[in-house]
């Protein structure tokens, strides 16, 4: 068979093929034993496909070459560890047709001792085998790096509440936070609020006040020229009349009835029931303006903008930026620089420790200065290693934000007017005409306006 056939392998050696070197005369046939020996001579010993061997044996002249003759067993990598939440959370629906502001402010309450979550460990994976019979090593799943939050207890990968309160889930951390409630408008009798947990204000927040919370902030009334800062989400049933003073900053989502002359920044979606007017908004998710229009100011959204109308008949200048906002770009650059510096420091510490430990192993006396250095280096080394891990974790989270601008889009279900500036990274276009019910995105390196 050697004179007629070649054996070829895939790059990962998980598949073997028989290909023709020259045409096999019609009177030439090969039996099962000859074909099997040919394969073994070429070190094809695992995953031989008996149907393919039979085809070569009985129907050689009609075979379509190259023919797959063996398939190895691919390694199955282990599953990554993950956090399984055990408390039902009323997840908001971000479909533009289904957003209901009255349904997005539910925060789950828990009791002392209640099970909050379970860390499901990583699995080991299953090794494979290539067509030569060599073991193909699998990869073990990644461990889950859990950062303990406030008021929780961890026992054997299970997490429990240690106080009554409201649970706050983050991607790799859980806290149970107490609740601070204001049953009226915020006024001088209460003053500014800075609270470790969730804050619930049933009335209005007037100009000049500041509300800071380690959890979620819920406001039942109107926000004027105030500052609202949350390590969780912000939900405002009334609107924001900001007078170019109001600031809303949240690490997670912001839900609000309307925005007028406000500055808004959130780590996830910004969902506005009605209009966004003359405001500066930055979202690391989508900006969704369900029923009203957007005009004036600027909007920056990583994953896109959805609205009824954009701009207006007076052609008021409105800027829309799609893609990663500049704050994230700057933070990534900063972290990369600091990470490089920390890795350089760690390398120098490694060399120093190796040198000193080598002297210790060889029973070479250390000077007092070297002994002091050895004692001091350990906490410094641990601190630098911890910094490297934290910065690497943060950078890995940013990678999910750097989505291709080709996957982001602007959806306008009403009219988008002239003097609206559209920016997808380096691609920029200022509209000169009215377009109705359109989708705007980058296709083949060009901004395209497509009817919905």
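Read-outs: derived from the displayed coordinates by stated rules, not from any lab. Being a predicted model, the structure only gives us computed values, none of them experimental. Backbone-built Cβ (ideal geometry, glycine too); neighbour counts: all protein chains shown.
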Sorted by Cβ neighbour density within 10 Å, fewest at the top, the residues 275, 10 | 10, 275
log₁₀ I(q)/I(0) of the stretch 219-330 at q = 0.20 Å⁻¹, via Debye over equal Cα point scatterers, no solvent, to two decimals?
-> -0.99
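Given 4 °C and 1.567 mPa s, compute D for the stretch 258-411 with the Stokes-Einstein relation, Rh being the Kirkwood radius over Cα pairs; round to the nearest whole µm²/s.
Translational diffusion coefficient: 68 µm²/s.
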Mean residue ellipticity at 222 nm from the helices of the chain, using -39,500 (n - 2.57) per DSSP H segment of n ≥ 4 over the full residue count, to the nearest 500 deg cm²/dmol?
-> -6500 deg cm²/dmol
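Fully extended, how many nm does the chain gain between residue 427 and residue 4 (0.36 nm per residue separation, minus their Cα-Cα distance)? The partial results should precede the final answer.
Working: separation 423, 0.36 × 423 = 152.28 nm, distance 5.68 nm.
Fully extending the segment from residue 427 to residue 4 adds 146.6 nm.
Length gain on complete extension for the stretch residue 36 to residue 73, per 0.36 nm per residue less the alpha carbon to alpha carbon distance? Show your work: numbers first, answer last.
Details: separation 37, 0.36 × 37 = 13.32 nm, distance 1.91 nm.
Result: 11.4 nm gained on full extension.
Taking a temperature of 10 °C and a viscosity of 1.306 mPa s, what whole-number D in µm²/s does Stokes-Einstein yield for the stretch 5-71 with Rh from Kirkwood over alpha carbon pairs?
Numbers: Rh = 12.0 Å.
In µm²/s, the coefficient is 132.
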Out of every Cα pair in the chain, what percent are spaced more than 43 Å from each other?
-> 42 percent
Of the peptides 17-26, 195-204, how do they stack up when ordered by the mean number of other Cβ atoms within 10 Å, highest first?
-> 195-204, 17-26
